[in-house]
Amino acid sequence: MSLTDDLLAKNTVQLDSKIPAGPMADKWNSYKDNMKLVNPNNKRKFKVIVVGTGLAGASAAATLAELGYQVDAFTFHDSARRAHSIAAQGGINGAKNYKGDGDSIHRLFYDTVKGGDFRAREANVHRLAENSVDIIDQMVAQGVPFAREYGGLLDNRSFGGAQVSRTFYARGQTGQQLLLGAYQQFSRQVGLGGIRLFNRTELIDIVVIDGHASGIVVRDLVTGELQSHAAHAVVLATGGYGNAFFLSTNAMACNVTAAWRAHRKGALFANPCYTQIHPTCIPQSDDSQSKLTLMSESLRNDGRVWVPTNPDETRPAHEVPENERDYYLERLYPSFGNLAPRDISSRAAKRAVDKGLGVGPKKNGVYLDFADAIQRLGREVVEERYGNLFQMYERIAGENPYDQPMRIYPASHYTMGGLWVDYELMTNIPGLYAAGEANFSDHGANRLGASALMQGLSDGYFVLPYTIGNYLAPMLNKAIPGTDHPEFKAAEEAARLRFNGYLAAGGTKSPDFFHRELGKIIWDYCGMERTEQGLEKALSEIPALYEEFKKDLRVTGSGENMNQTLEKAGRVDDFFQLGMLMCHDALDRKESCGGHFRAEFQTDDGEALRDDDNYCHVSAWEWGGDPMKPNLNVEKLEFEEVHLATRSYK
């Protein structure tokens, strides 16, 4: 018996993925043909809460309201359009095959499963690939200004892990333009009364009554007031947890609190150790830095990555002759070259820097060089493709990338782990859904570039509006608990005590101090490379720091007005508990796959070495009351369409 089968027999939570029967290409249509329906006139009798207004949340809220459901939408921003989806740069994948280069739904499906190192649920990935073609049509109809070729047709470029051009883009601002498209539909429904928008409001607990998600408790970030909201279903579209590392490309307000509070109420957290390190970010410049900046993967279409072969090289980059340069991605992965997948490209950069070949003042970067592209295409073409990205780099680094190579290094960017969901995007708590980066379902152990925007819009526009009706239909004309139910009052009181506890701690150190220290531990021992010894060390250091956090935290001000230090304290508290789970998961998974690289499990040439016999499963962790003692449940991954194989980009 394999370890997976042994663990499966010990599950304490029944995990039903609800994957439809039949051939892979027919599963989604089969599901839609057989799902329960809600009469259009009855939809207005149901209320759905959507938390988060990024691409997944805005598209889900707008579409559900358009269908007739009552929707309450919550964001902790002042405007719904400030959600972090706006920061995405490079593009969105769609299997349109406009270039005639052999792309198809099946190829996008295969590339995504392979890119995730065969650790994703096949059926969900195939549905994503199917929906990709409709997403592009939807966004064009909403006026998103995708780049076009000279003749007016939509243009495409390539991204990592693919040998076709399937990425649609709007210069280096694709996320912003897509979010504006979704936001205008969202705002239309706000104006029509289909959506009630609550801004500057943060979710601080999920309310579960008789085993069903019945609502949420939120905190008004301006007044500090706690409020309860009841609904028939709750959708969490609250993004990922990359800020657990402190330094990341995420906006500084991004956090795990919504997902973690759901986890503490019984929702399983799946594959938390699957975190993505993006290979093209501006390197850290000093120890007091609080954020890192992404440089789009699209730059690797025309930029060439290299390091000097001499560790003591001091000449400017343009003076280093070709025979003294190592274009290591082109050398190691000739089939994909500079567009090798993110996990592979990141580890290759780390190896180069660890060998002493790093560049820049701190020797902590590698070059991304556009000299060949400028010579081949001309500066005007390069400027047209990447001009805003070059400007951003020059503002931050103080160097002109038209004249000298960019310096880049990997940084925390995205998280493939998240709340466990079934085929309907529902967690193991009935009525609680997770969409976009907040769930685990589509990317396995490594996400391919330009697939995050695709997943968010797929979940919001084309999946949830169908699947949520399957849950709501049997609830027609049945009463749901109101906010006067004792469980709402208990959740409010627990939250009040928690925030009062932060204020009363009376210590000497800020939440930011503890977040920085925590992030350094997680990055050092559960970052790009993990070892058993390092993870065990992290699991001794994090609890010790957590105890110090509880005793020596200092939160100034009060809880009755805007207090960003108090907000941060709650978020850092949840990051501490998540950090312990990330390290537990990484320690438990004794293999290397995708972004999870255990140094003990690698091939002779330094690539990830999977163990399909024992770890071809989803690790879904249950809250056990103590962050150091989580309970493991597993979902076995079955592969019908794609055969397990060693991932190679040589």
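The values are calculated or read from the model by the stated rules, or taken from the named source; none is laboratory data. These numbers come from a predicted model, not from an experiment. Reconstructed Cβ throughout: ideal geometry from the backbone, glycine too, with neighbour counts over all protein chains shown. Note: accessible area is taken over every heavy atom of the protein model, side chains too, but ligands, DNA and RNA are not part of it. Shrake-Rupley method; radii C 1.70, N 1.55, O 1.52, S 1.80 Å.
Quick notes on this one:
- Filter result for the condition that a residue is among the charged types (D, E, K, R), open to solvent by 30 Å² or more (accessible area, probe 1.4 Å), within 29 Å of residue 635 (Cα to Cα) and touching a Pro at 6+ places or on another chain (Cβ under 9 Å), over 6, 33, 16, 26: 26
- For the stretch 165-196, residues that are open to solvent by 10 Å² or more (accessible area, probe 1.4 Å) and β-branched (Val, Ile, Thr) total 1.
- Residue among 600, 622 that alone is surrounded by fewer than 21 Cβ atoms within 10 Å (Cβ to Cβ), at pLDDT 95 or above, under 24 Å from the mean Cα position of the chain (by Cα) and over 21 Å from residue 109 (Cβ atoms): 622
- Top-ranked residue in the stretch 39-49 [being assigned to a helix (DSSP H, G or I) and surrounded by 14 or more Cβ atoms within 10 Å (Cβ to Cβ); ranked as nearest to the chain's Cα centre (by Cα)]: 43
- Candidate set from the stretch 235-257 (those that are open to solvent by 10 Å² or more (accessible area, probe 1.4 Å) and of a type in the set (A, V, I, L, M)); member that is nearest to residue 426 (Cα to Cα): 237
- Qualifying residue in the stretch 197-214 (condition: closer than 30 Å to residue 11 by Cβ, touching an Asp or Glu at 6+ places or on another chain (Cβ under 6 Å), open to solvent by less than 40 Å² (accessible area, probe 1.4 Å) and not in a loop (DSSP other than H, G, I, E, B)): yes
- In the stretch 401-451, residue nearest to residue 174 (Cα to Cα) [restricted to those that are crowded, with 24+ Cβ neighbours inside 10 Å and among the acidic types (Asp, Glu)]: 437
- Between 222, 218, the distinction of being over 21 Å from the mean Cα position of the chain (by Cα) and part of a strand (DSSP E or B) belongs to 218 only.
- Residues satisfying the stated conditions in the stretch 90-145, i.e. crowded, with 21+ Cβ neighbours inside 10 Å and of a type in the set (Phe, Trp, Tyr): 109, 118
- Among the residues listed as 18, 36, 32, 99, the single one being out of contact with any Cys (no Cβ under 6 Å at 6 or more places or on another chain), more than 30 Å from residue 292 (Cα to Cα), outside any loop (DSSP other than H, G, I, E, B) and in contact (Cβ under 8 Å) with a residue 12 or more places away in the chain: 32
- Scope the stretch 158-173; condition in a loop (DSSP other than H, G, I, E, B) and either of a type in the set (Phe, Trp, Tyr) or modelled with pLDDT of 95 or more (or both); matching residues: 159, 164, 165, 166, 169
- Qualifying residue in the stretch 174-195 (condition: over 28 Å from residue 446 (Cα atoms), among the hydrophobic types (A, V, I, L, M, F, W, C), at pLDDT 95 or above and not in a helix (DSSP H, G or I)): yes
- Qualifying positions in the stretch 412-429 - over 30 Å from residue 520 (Cα atoms) and either without any contact (Cβ under 8 Å) to a residue 12 or more places away in the chain or part of a strand (DSSP E or B) (or both): 426
- Exactly one residue among 497, 464 is closer than 30 Å to residue 131 by Cβ and either in a helix (DSSP H, G or I) or open to solvent by 30 Å² or more (accessible area, probe 1.4 Å) (or both), and that residue is 464.
- If you filter the stretch 467-485 down to residues that are assigned to a loop (DSSP other than H, G, I, E, B) and in contact (Cβ under 8 Å) with a residue 60 or more places away in the chain, you find that the one that is most open to solvent (accessible area, probe 1.4 Å) is 477.
- Residue ranges of helices (runs of 4 or more DSSP H) in the stretch 304-383 with at least 3 members under 27 Å from residue 602 (Cβ atoms) and open to solvent by less than 30 Å² (accessible area, probe 1.4 Å): 342-354
Residues are listed down the side, and each one gets a yes or a no for (1) among the aromatic types (Phe, Trp, Tyr); (2) touching a strand residue (DSSP E or B) at 6+ places or on another chain (Cβ under 8 Å); (3) farther than 30 Å from residue 299 by Cβ:
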| position | (1), (2), (3) |
| --- | --- |
| 7 | no, yes, yes |
| 39 | no, no, yes |
| 52 | no, yes, no |
| 96 | no, yes, no |
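- Test: residue in the stretch 229-243 that is in a loop (DSSP other than H, G, I, E, B), under 19 Å from the mean Cα position of the chain (by Cα) and not small (Gly, Ala, Ser): yes
- Residue match in the stretch 107-121 (condition: β-branched (Val, Ile, Thr) and over 21 Å from residue 442 (Cβ atoms)): no
- Residue match in the stretch 486-506 (condition: among the hydrophobic types (A, V, I, L, M, F, W, C) and at pLDDT below 95): no
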